[in-house]
Amino acid sequence: MKKLPLNKVHKNIGANFCDLAGWSVPNDYGEELSEYKAVRENVGIIDLSPRGKLRLSGKHHLKFLQGMLSNDVLKLEEGKGMYASILTVKGRMISDMRVYREKESILLDLEPCLNEKVLELLTKFRLSYKADIDDITLRTGLLSIQGPRSGKLLELLLEEEIPQMEKFNFIQRDFVGHDLTIIKVNRTGEEGFDLYLDNKGLEVLWSTLINKGEGLNLKPVGYAAMNTLRVEAGIPLYGVDMDESNIPIEAGLWDALNFEKGCYVGQEVVARIKWRGHVNWHLMGFKSDGETVPEIGDEIFDGERKIGRITSSTFSHRLNKPISLGYIRREFKEAGTKVSLKGKDGAEVRAEVNDLPFYKGSFELKENVNIG
């Protein structure tokens, strides 16, 4: 199992570890609820270093990606990013990703281990394009600061006022002799920033953030609390809530698609659905009765008819009840529709269809205003 660059740091502060796609990561630091509250009320720091990171450069790297990705890469300006996906010829999702345009390159941010899958695919289709593809996953760390006070923490770290930043915009600074890339992202529903840095400077960055954040009630946050925050924010996760059986439209990923750019793999299918058809399945939220959290794979019923399945679930501290993400037939997707969830043991609970997100936090409130 792969270990994080900061594995010893996490171990020394009491982390309980779990497996994430072959990586040993902090599940929690002994107080999952306080970690959750830190992000919702103040600021938390999350080690997301296992995320895949590919950098493309070379004369044709933009033109090459334009024909591979579902969004319009050519319109990206330096310092900005977008959400996108790679599709099969049938419009199914091979991967989702965040795409960031640097001065002479493109950085792709992927779910853990998808870097290997996407690297192999891009290499296969590169053909005569002059494009270099560098997998920087194992040498580049990623720390994410999330919460309504994350902007203030960032200013304390850099000792400067941070300019207005919209979603996926980023700035770059020098930090202990390494390039620090700071990107505004929504991972929890709260205002947040991803910080990419060479592993050699990562421990200094972690300790500096911990020290600067002491007055902001900063806490390290594990993946258990992160999952609750993510589900409340209605953010689907590739490999959990979507995979190669799904079309992006089913998961509601409209911001990953562009219907005006030139041809790309899978375009014909998604364009036909948008202009002339519909999908039969929709990713929706579900609020359950009682205290039992549904399990992944639980089935959704309308009476005796099976109409969907659960993909993610958690107990929402904000709503004080179990919540889930899952796919449901389009005839039943209206918010407020009553359904039942049935587990493998046959136990059944009542639930209600809910629009996503369940909770709108500080990210939505501050997306277009100055931070700090």
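The GluC sites (Glu not before Pro) found in the stretch 267-322 that occupy coil by DSSP, while having at most 12 further C-beta atoms within 10 Å, are 291, 304. Using every pair of separate Cα atoms, the Kirkwood estimate puts the hydrodynamic radius of the chain at 21.4 angstrom. In the chain, helices alone account for a calculated mean residue ellipticity at 222 nm of -6000 deg cm²/dmol, with every DSSP H run of four or more residues adding -39,500 (n - 2.57). What percent does the relative contact order of the stretch 131-192 come to when contacts are Cα pairs within less than 8 Å and at least six residues apart? Rounded, it is 36 percent for the stretch 131-192. Net charge dipole, the chain: roughly 820 debye, given to the nearest 20, about the Cα centre with Cβ charges of +1 for Lys and Arg and -1 for Asp and Glu.
The GNM of the chain, with springs linking C-alpha atoms under 10 angstrom apart, assigns the highest mean-square fluctuation among 25, 269, 185 to 269. Measuring nothing but protein heavy atoms, the accessible surface of the chain at 1.4 Å probe radius is 46 percent carbon and sulfur. Charge dipole (Cα centre; +1 on Lys/Arg Cβ, -1 on Asp/Glu Cβ; no other charges) of the stretch 170-277 amounts to roughly 180 debye.
Across 286, 170, 64, mean-square fluctuation computed from a Gaussian network of the chain (C-alpha pairs under 10 Å connected) peaks at 64. Ranking 11, 287 by solvent-accessible area of protein heavy atoms (1.4 Å probe, all protein chains present), from largest to smallest, gives 11, 287. The GluC sites (Glu not before Pro) of the stretch 46-119 that DSSP puts in a loop, and whose beta carbon has at most 13 other beta carbons within 10 Å, are 77, 78, 104.
Along the axis of the charge dipole computed for the chain (Cβ charges of +1 for Lys and Arg, -1 for Asp and Glu, origin at the Cα centre), the listed residues 129, 221, 43 are led at the positive end by 129.
These residues, 126, 350, 98, go from largest to smallest accessible area, 1.4 Å probe, as 350, 126, 98. Legend: residue pairs 80/130; 11/344; 167/261; 117/274; 75/184; 37/152, Cα-Cα distance threshold 26 Å; pairs beyond threshold, 11/344; 117/274. Per residue, the average separation of C-alpha pairs within less than 8 Å and at least 6 apart gives the stretch 1-91 a relative contact order of 17 percent.
DSSP beta bridges fully contained in the chain are about 95 percent antiparallel.
The values are calculated or read from the model by the stated rules, or taken from the named source; none is laboratory data. Note that this is a predicted model, so its numbers are computed, not measured. Please note: Cβ atoms are built from the backbone with ideal geometry, for glycine as well, and neighbour counts cover all protein chains shown. These area figures cover heavy atoms from the full protein model, side chains too; ligands, DNA and RNA do not enter into them. Shrake-Rupley method; radii C 1.70, N 1.55, O 1.52, S 1.80 Å.
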